[in-house]
Every structure is written in C-alpha cells, then in structure tokens.
Amino acid sequence: MAKKKRLRTWVKIVLIAIPVIAGIVCLIVFGFKLKDIHYTSDLNQFTQEEVKAYLDSHEIDNSFTLWFKDLIGKEEEMDLFEDYDVSFESINKLKIKAHEKQFKGYIKNDDQYYCFDEDGKLLKIADKKIKDKPKVKGLKISNANLYQRVGVTNKKQFDAVLQVANGVDDYDFKVKKITVDKNCEITIVIGKVKVELGTTTNLKKKLSDLNDMSKNLKKYKGVLDMKFVNNEGKYILTKEKNKKNH
C-alpha cells in the first residue's frame with residue numbers, strides 16, 4: 001500500500017509539474033520577445049539601430065536567452081563585439097554595454113565606406129569617412145554583404161592587406177592609407193612618407209624596423225624603400241622637396 005501511495009504521489013507531482021514547466025517555457029519563448037535595446041559602447045562605431053538590425057538579422061530575438069547566456073558566461077558570439085554585458089530594462093528591452101571590434105580599415109566604394117574587421121568581414125557601410133582608420137586602395141569589390149567577408153576580385157590582394165592591417169596594431173605609428181598592387185605588393189602612408197613594404201614576406205621584421213624609425217619619419221616627406229629586409233635595419237628614404245609657390 002505504501003508503494004502505491006508513493007507512486008500516486010509522484011504521478012500527481014508529475015501531472016502538476018508538466019503544465020507548470022510548459023507554462024514557464026511558453027513565458028520565456030513568447031513573453032520575453034526582444035523588442036528594443038538600450039545600447040552603449042566604448043568606441044561608438046555602431047548605432048543602437050545598427051545593433052538591433054544585427055540582432056534581427058541573426059534571429060537573436062529572445063531577451064531572456066540572451067541575458068541568461070551572458071549570465072553563465074556562454075554569451076552569444078556576435079560579429080560586432082569583442083565582448084558585451086546584458087541587463088534587463090524590462091522583459092522586452094535589454095541594456096547592452098559592449099566592447100566593439102575595431103575596424104581595421106575601409107574601402108571606398110560608390111561614395112560609401114565599407115568598414116571591415118581583422119578577418120575581412122564587412123561590419124558597417126558608412127556614408128561618411130571613417131576617422132583614424134586606414135583607407136585601402138587597389139581592391140575591386142565583387143560583392144559585399146554585411147557580416148560576411150568582403151568579396152574582391154583578387155583574394156590574395158585582400159589577404160595581403162589584412163596581414164598588414166592586423167600587423168600594424170602591435171606598433172605605435174598611425175597608418176593613413178594602405179595600397180595594394182596587382183602583384184600583392186603593399187605601400188602604406190605614415191604622415192607624409194610612403195613606405196614601400198613590397199610583399200608580406202618578412203613582414204614582422206619590416207614593421208618592427210619601421211616602428212624604430214617612425215618617430216624620425218615625422219620630419220620628412222618622401223618614399224621609404226622597405227621592399228627587402230635589411231638585417232641592420234637600414235633603409236633608403238628618398239626625400240621629396242616641398243614645392244615653393246612662384
């Protein structure tokens with residue numbers, strides 16, 4: 001008899017638990033629909049509308065799921081961010097505070113600015129020039145979809161650009177422009193000096209040597225030939241004289 005009573009008790013518990021669990025699931029799925037966000041960031045590269053559009057395009061539409069994943073340290077991977085924090089403002093609105101991925105450069109195309117990350121993914125199409133990021137010349141865009149790698153006619157050219165754009169992050173000098181030619185040779189502009197890096201062979205050594213010279217380069221205008229590595233760190237700078245007005 002005792003066993004039957006315990007069995008009936010468990011059956012009752014299960015019968016009660018099933019609708020309760022079902023109700024909780026329905027509440028999470030339908031009650032926590034993500035309708036709005038309040039967005040803040042460190043770099044301010046993306047607007048609140050752009051972040052919401054990203055979430056919508058990736059069907060990230062449940063506020064509880066997004067918050068809970070962040071809570072347990074298994075946050076949803078997003079192309080726009082290095083990391084982020086999520087908190088509730090209401091069951092349908094989240095506050096997202098993010099550390100954004102930095103743009104590695106941009107390509108001007110049809111009067112718009114295509115901003116890409118370290119992998120070449122297109123993160124933003126802007127109407128205005130992007131400050132403090134290198135402009136990339138020499139690439140021809142074949143197709144461009146947000147959050148996918150920019151399609152170019154010559155993939156090797158883009159690979160070379162990315163190696164340089166990622167490589168210069170380790171150093172103090174600012175690159176204004178990156179140009180790649182049909183042979184995948186790279187020229188960068190620092191201040192008023194064009195630095196001919198050539199191919200990406202021995203790139204780390206070239207950039208390290210360039211960093212050692214960068215403070216002195218500010219005084220000059222001209223072309224620095226670094227196509228081939230010099231073991232002593234010595235390279236030829238062809239100075240360009242300032243043109244005087246007559």
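The values are calculated or read from the model by the stated rules, or taken from the named source; none is laboratory data. Keep in mind it's a predicted model, so treat the numbers as computed, not measured. Neighbour counts run over all protein chains shown; Cβ positions are idealised from the backbone, glycine included. Keep in mind that these areas ignore ligands, DNA and RNA; they rest on the heavy atoms of the full protein, side chains included. Shrake-Rupley method; radii C 1.70, N 1.55, O 1.52, S 1.80 Å.
Out of everything in the stretch 42-68 that is of a type in the set (Phe, Trp, Tyr) and closer than 30 Å to residue 128 by Cα, what residue ends up being farthest from the chain's Cα centre (by Cα)?
Initially, the stretch 42-68 is screened for residues of a type in the set (Phe, Trp, Tyr), giving 46, 54, 64, 67-68.
If we keep only those that are closer than 30 Å to residue 128 by Cα as well, we get 46, 54.
Working: 46: 11, 54: 13 Å.
This residue is 54.
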For residue 67, work out the one condition from (1) surrounded by fewer than 16 Cβ atoms within 10 Å (Cβ to Cβ); (2) at pLDDT below 95; (3) not hydroxyl-bearing (Ser, Thr, Tyr) it doesn't fulfil.
-> (1)
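Could you please find all residues in the stretch 148-158 being surrounded by fewer than 15 Cβ atoms within 10 Å (Cβ to Cβ) and either at positive phi or in a helix (DSSP H, G or I) (or both)?
155, 156
Quick check, is residue 82 closer than 21 Å to residue 43 by Cα, without any contact (Cβ under 8 Å) to a residue 24 or more places away in the chain and over 13 Å from the mean Cα position of the chain (by Cα)? Show your work before the answer.
Numbers: closer than 21 Å to residue 43 by Cα: yes; without any contact (Cβ under 8 Å) to a residue 24 or more places away in the chain: yes; over 13 Å from the mean Cα position of the chain (by Cα): no.
Considered against the rule, which asks whether it is closer than 21 Å to residue 43 by Cα, without any contact (Cβ under 8 Å) to a residue 24 or more places away in the chain and over 13 Å from the mean Cα position of the chain (by Cα), residue 82 comes out as no.
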Checklist (1) in contact (Cβ under 8 Å) with a residue 24 or more places away in the chain; (2) within 27 Å of residue 189 (Cα to Cα); (3) open to solvent by less than 60 Å² (accessible area, probe 1.4 Å); (4) under 19 Å from the mean Cα position of the chain (by Cα) applied to residue 98, failing item | (2)
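Which of the strands (runs of 3 or more DSSP E) contained wholly in the stretch 33-122 include at least 1 residues that are polar (S, T, N, Q)?
On the way: elements: 36-41, 81-90, 93-100, 105-109, 112-116.
In the stretch 33-122, 36-41, 81-90, 105-109, 112-116 are the strands (runs of 3 or more DSSP E) which contain 1 or more residues that are polar (S, T, N, Q).
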Report, by residue number, each residue of the stretch 70-95 that is open to solvent by less than 70 Å² (accessible area, probe 1.4 Å) and of a type in the set (D, E, K, R).
-> 70, 75, 76, 79, 93
